1. Which one of the conditions (1) crowded, with 18+ Cβ neighbours inside 10 Å; (2) without any contact (Cβ under 8 Å) to a residue 24 or more places away in the chain does R22 fail to meet, given that it meets all the rest?
2. Taking the options I16, I38, name whichever one is assigned to a helix (DSSP H, G or I), of a type in the set (A, V, I, L, M, F, W, C), more than 13 Å from V71 (Cβ to Cβ) and out of contact with any Gly (no Cβ under 6 Å at 6 or more places or on another chain).
3. Among the numbered conditions (1) under 15 Å from the mean Cα position of the chain (by Cα); (2) modelled with pLDDT of 90 or more, tell me where G79 comes up short.
4. Name the single residue that is nearest to the chain's Cα centre (by Cα) among those in the range 107-125 being assigned to a strand (DSSP E or B) and not hydrophobic (A, V, I, L, M, F, W, C).
5. Does the range 1-40 hold any residues that are touching a Lys or Arg at 6+ places or on another chain (Cβ under 8 Å) and among the aliphatic types (A, V, I, L, M), and which are they?
6. Quick one: in the range 46-81, of everything that is in contact with a Cys (Cβ under 9 Å, 6 or more places away or on another chain) and assigned to a strand (DSSP E or B), which residue is surrounded by the fewest Cβ atoms within 10 Å (Cβ to Cβ)?
7. As an exercise: evaluate W128 against (1) within 19 Å of T3 (Cα to Cα); (2) aromatic (F, W, Y); (3) not in a strand (DSSP E or B) and give the number of the one condition it does not meet.
8. Is there any pair with a first residue in the range 49-77 that is aromatic (F, W, Y) and a second that is crowded, with 18+ Cβ neighbours inside 10 Å whose Cβ atoms are under 7 Å apart and which are 6 or more apart or on different chains, and what are they?
Amino acid sequence: MKTQTLPLKQETDIVIIRQQVRKLAEQARLGLVSQTKIVTAASEIARNALIYGNGGECLLELASREGRAAVRLIIRDQGPGIADIERALVDGYTSGSGLGLGLSGSRRLVDEFAIDSQPGAGTTVELWKWR
């Protein structure tokens, strides 16, 4: 497994994360549509972590399970957390000025999605896209 951790402190970090996720998706030999989906999901979650979570980090990993390659991302922030995750995952819900599609849309774009958040303790989102 190949693992890399990138900082998420400013807007330009999102661009770097997108580029690295694309490279990893190519290494995993994901199809173009799957590459686009994981890059888009990474971008949305990273932007949320930066805007609402005061930044954090993104762990990128080329993973394998039962002979299948995958891209695995873990995006962590140190923000205020999400009080009601189920509500936050509903299309259209926003705590800011966005469209409210970042979390719910990202969940639909990937093969596995997990979120852990506690008020006052930040948020961690895990994304998987399989070949």
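1. (1)
2. I16
3. Failed condition: (1).
4. Within the range 107-125, the first condition is being assigned to a strand (DSSP E or B), and the residues that meet it are 112-117, 123-125.
If we keep only those that are not hydrophobic (A, V, I, L, M, F, W, C) too, we end up with 112, 116-117, 123-124.
Numbers: E112: 11, D116: 12, S117: 14, T123: 11, T124: 9 Å.
Of everything passing the filter in the range 107-125, T124 is nearest to the chain's Cα centre (by Cα).
5. I14, L24, A25, A28, L30, I38, V39, listed by residue number.
6. Here the residue is I74.
7. (3)
8. Y52/G79
The values are calculated or read from the model by the stated rules, or taken from the named source; none is laboratory data. Here the structure is a predicted model, which means the values were calculated and not measured. So basically every Cβ, Gly included, is an ideal-geometry build from the backbone, and we count neighbours across all protein chains shown.
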